[in-house]
Amino acid sequence: EPKNLKGLLGKGKLSNETLKLINTSLEIKHNSYKPFINEISEIIEIDEELKGLLESVCSEIMPVSDKLFNCNSKVQEIKILKHLKQDTNNIETGAFMWHSDRHVNELVNIMLYLNDVTEVKHGPFQYIEKNGEPYYNLSIAKSINNEQAISYGEVKSLLGKAGSFYIFDNNFLHRAAVPTEKNRDAII
């Protein structure tokens, strides 16, 4: 395992070919998305075609995880989410609230941006940093509001072009920023 199993653990970039295949398939299936959080985010059911494409995605991402942890990583669950463009960034529900997932230490998340998330208004993954480290405090209620979160430290955003992915410990204080310019599509 990495020397410091805290915060952002690794990152990489999906090949343009695989990114194009998954995005083309999702564009064709745009009517297959279902509400995840009503009028805020949507999720798509993974059918056989998407399973095959996701195997290609995982074949590129999992070697980064395997090398990072010096073991054979295993995918436990995959979600394809679309966070819908909103008129305001003052939404505090679901993934848009500051929270800690409180998973066992051996479980990490991988976030793959399917479209460019190069500004805060694109809805990036955000976390609180205090003294140069991601902020952990498991005594905090599962979700807290923005005012409480920023009292703990500085907001950091993981920005990236389409195809960028990040491996992170999901037990620090984090959230999805609300996209106010365009939808944000991601595989988690």
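Just so you know, all these numbers are worked out from the coordinates, no wet-lab data involved. Every value quoted in this text rests on a predicted model; they were computed, and no experiment measured them. Every residue, glycine as well, gets a Cβ built from its backbone with ideal geometry; the counts of neighbours run over all protein chains shown.
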>> Quick one: 3J(HN,Hα) in Hz for the stretch 15-29, Karplus 6.51/-1.76/1.60 with θ = phi - 60°, rounded, Gly and Pro as x.
In response: 5, 4, 5, 5, 4, 5, 4, 5, 5, 5, 4, 5, 5, 5, 8
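With a sphere of radius 14 Å drawn around the Cβ of V178, what net charge do the other residues whose Cβ falls strictly inside it have (Lys, Arg +1; Asp, Glu -1)? Walk me through the numbers before you get to the answer.
Working: positive: K82, K85, K121, R175, K182, R184; negative: E39, D87, E92, E119, E181.
Computed value for this residue: +1.
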> Going highest first, how would you order 157-170, 51-64 by mean Cβ packing within 10 Å?
Replying inline: 157-170, 51-64
> Taking the Cβ-Cβ separation of R102 and I46 as r and a Förster radius of 25 Å, what is the calculated FRET efficiency to the nearest 0.05?
Replying inline: 0.50
> From the square roots a ≥ b ≥ c of the eigenvalues of the alpha-carbon gyration tensor of the chain, which class results: rounded (a/c under 1.5), prolate (a/b over b/c), or oblate?
Replying inline: oblate
> Under a point spin-label approximation (7 Å from Cα along Cα-to-Cβ), what is the N72-K182 distance to one decimal in nm?
Replying inline: 3.9
> So between L8 and K34, what do we pick up on full extension, going 0.36 nm a residue minus the alpha carbon distance?
Replying inline: 6.4 nm
